[in-house]
Amino acid sequence: MSDTEQSTPARAVTGMVEHVLDLAAGWTAWDGTPVRADDRVHTPHKAIRRVTDHLIDHLAELEARLAGEEPQPDHWHASAATTPADLAPFTAADLDEARSRLTRLARIWAVRLAALTGEQLDDSPGAGWSFRELAHHVADSTYYADAVGDLS
């Protein structure tokens with residue numbers, strides 16, 4: 001069993017954010033050359049955007065399902081799109097903003113997941129992954145940061 005599978009759902013999400021921010025700490029040294037991984041182009045800003053979007057998208061899904069509603073479909077362009085903003089230099093101010101944004105999102109996830117019973121985590125309302133599976137899926141967002149890598 002992997003560390004992610006053994007961790008609580010909340011710890012899986014907070015651990016992912018910690019990992020992303022650990023890597024992001026070195027991204028102020030990025031030389032502006034996009035990194036190719038698989039069939040995509042990755043940059044520091046794009047990695048932060050994708051992790052943030054993934055956290056928001058699936059949190060919205062979780063909350064809608066708990067409320068007995070259909071989740072609103074997302075319309076993200078995902079990692080296939082690289083925007084002009086994705087190509088901007090990644091500054092110390094960008095790192096500080098990413099820390100604030102992702103730490104808060106991870107805390108929202110952790111508080112929400114901790115409030116759910118084991119039954120709710122494993123036998124979640126609505127269609128889709130259980131909330132436990134959803135948290136571990138979100139934890140796979142490390143992919144975006146790992147694609148950029150350690151630039152320190």
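The values are calculated or read from the model by the stated rules, or taken from the named source; none is laboratory data. Note that the structure is predicted; figures quoted are calculated from it, not measured. Heads up, the Cβs are rebuilt from the backbone with ideal geometry, glycines too, and the neighbour counts pull from every protein chain shown. Areas reflect the complete protein model, heavy atoms only, side chains present, ligands, DNA and RNA absent. Shrake-Rupley method; radii C 1.70, N 1.55, O 1.52, S 1.80 Å.
Couple of notes before you dig in:
- Some residue of the stretch 91-102 being closer than 22 Å to His58 by Cα and of a type in the set (Val, Ile, Thr): no
- Scanning the stretch 16-58 for residues that are open to solvent by less than 70 Å² (accessible area, probe 1.4 Å) and of a type in the set (Asp, Glu) yields Asp53, Asp57.
- Restricted to the stretch 109-152, the set of helices (runs of 4 or more DSSP H) holding at least 1 residues that are touching a helix residue (DSSP H, G or I) at 6+ places or on another chain (Cβ under 6 Å), open to solvent by less than 30 Å² (accessible area, probe 1.4 Å) and charged (D, E, K, R) is empty.
- Residues in the stretch 68-88 that are hydrophobic (A, V, I, L, M, F, W, C) and open to solvent by 70 Å² or more (accessible area, probe 1.4 Å): Trp76, Ala80, Leu87.
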